[in-house]
Amino acid sequence: MISSPVWAVPRGTEGVRIMVDGGAAHGMTTRECLAGTGLNAEDLHDEHALIWAHQEFAVIRNILGRLGGRPGLGIEIGAHSTIGRTGVIGFMMLAGPTVREAIERAIPYLALSPTHLRFSLVEAGDRYAYAVGDDDEIPPDVRAFVVERDLAGLAAAFRGAQIDLGLTAIETTLEPAGAALLGEAWGLEPHLVRPHAASNRLVITPEQLGERLPQADENTARLFEKQCREVLDVRMARVGVAGQVRSRLRHERAEWPSMAEVAADLHLDVRTLRRRLTGEGTSFRRLLDEVRHGRALELLGQGATVSEVAAELGYAETATFTRSFTRWEGVPPSRARVAYFESTATGMPTEY
């Protein structure tokens, strides 16, 4: 199975629920955690609700904005993780039957879990094996938090399920302070944790990979694997290619990818991507317009100037953005910005 980038696969609410619980432990309300995501408290209790990466990263930005980006915050919030909260993929791992098989089975279905790290299992001879968690697809402003949350969450979930990975060391992209706290979460001595690494690697012995898990059962593991495959197929079919492209455009604020770049990320050629989008009644240009339009309204509502919005949306000239916005809204962005702040001051709906 070809792995998909984190932005391309919609997820359940597990990851956001963990963060809302963590935010609540630090005095935040659910509404504060979900601000600007398009989600509400009811969505978190809907087992059919799907959440995109950019929405989850917005929750993280809300938490960081309120509580600050101190080292260890993601670790504290990751401590609210359990195997049960990962759903069917967690139960598949519990059934193993060995540590190696549990990890190998889970990797193709990580989109069904709360993690945004891209894991792989690498065995280096007969001395060491590495569970590698790459973080290069995660936006830089939330990357350290996600690494802390996901690796500490893994420790908490495995501990709760009485699964011992028997780690001998951790290498992580985190700064020293966060790396030290992550080592504590895994019960490792400080000298066994290396910060500033090129990737995040949990070092395991081959012998430990071969250990049988407490709930081991091959037949049960295969049954849950089949369920994982079915759930993932349903989610991907539900959102279609247009949903994946829309998510990519919303995912990374600093870059506006070309159609060729998005096609390559989705393991498609440009012609196939264009045909699939046409079949879903849209086009790459229309989706780009839609996402830029929504982001422009969001930024103007946050107080950004017209030139700042134009720059963030990838327009070379402010005048080009102004023409696009006027086409979308029927008025120039400067007028929409003034109308927004007037409505905020008076409490009346915005009228152009």
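The ellipsoid equivalent to the alpha-carbon distribution of the range 186-273 has semi-axes of 36, 26, 11 angstrom, derived from the gyration tensor eigenvalues as √(5λ) and listed largest first. Specify, per residue and in Å³, the volume enclosed by the convex hull of the alpha carbon atoms belonging to the chain. Given the Cα convex hull of the chain, per-residue volume reads 152 Å³. Among the protein heavy atoms of the range 179-335, carbon and sulfur supply 49% of the accessible surface, probe 1.4 Å, non-protein parts ignored. Of the DSSP beta bridges with both residues in the chain, give the percent that are antiparallel, rounding to the nearest 5. Taking every DSSP beta bridge with both residues in the chain, the antiparallel ones total about 90 percent. For the range 28-109, the Cβ-based charge dipole about the Cα centre amounts to some 320 debye (Lys, Arg positive; Asp, Glu negative; other atoms uncharged).
Of the accessible area of the range 38-105, computed with a 1.4 Å probe over protein heavy atoms only, carbon and sulfur atoms account for 55 percent. Each residue was assigned an accessible area with a 1.4 Å probe, and for Ser113 the value is about 10 Å². Near Arg201, the amide H atoms lying under 5 Å from its own belong to Gly133, Glu171, Thr172; only residues 5 or more places off or on other chains count, and H is placed 1.01 Å from N.
Surface exposure of the range 1-151, expressed per residue as accessible area with a 1.4 Å probe, stands at 38 Å².
For the range 157-228, the solvent-accessible area works out to 53 Å² per residue, with a probe of 1.4 Å and every protein chain left in place. Phi angles across the range 323-333 convert, under the Karplus curve 6.51 cos²θ - 1.76 cosθ + 1.60 with θ = phi - 60°, into 3J(HN,Hα) values of 5, 5, 5, 4, 5, 6, 10, x, 9, x, x Hz, Gly and Pro given as x. Highest GNM mean-square fluctuation among Asp217, Asp233, Asp150, for the chain modelled with Cα contacts below 10 Å: Asp233.
Restricting the calculation to Cα atoms, the range 169-221 shows an Rg/Rh of 1.15 when the hydrodynamic-style radius is the Kirkwood one.
Adding -39500 (n - 2.57) for every DSSP H run of four residues or longer, then dividing by how many residues the chain holds, sets the calculated 222 nm ellipticity at -17000 deg cm²/dmol.
The values are calculated or read from the model by the stated rules, or taken from the named source; none is laboratory data. Computed from a predicted structure; not experimentally measured. For neighbour counting, all protein chains shown are included, and Cβ atoms are generated from backbone atoms with ideal geometry for every residue, glycine included. Heavy atoms of the whole protein, side chains included, go into the accessibility calculation; ligands, DNA and RNA do not. Shrake-Rupley method; radii C 1.70, N 1.55, O 1.52, S 1.80 Å.
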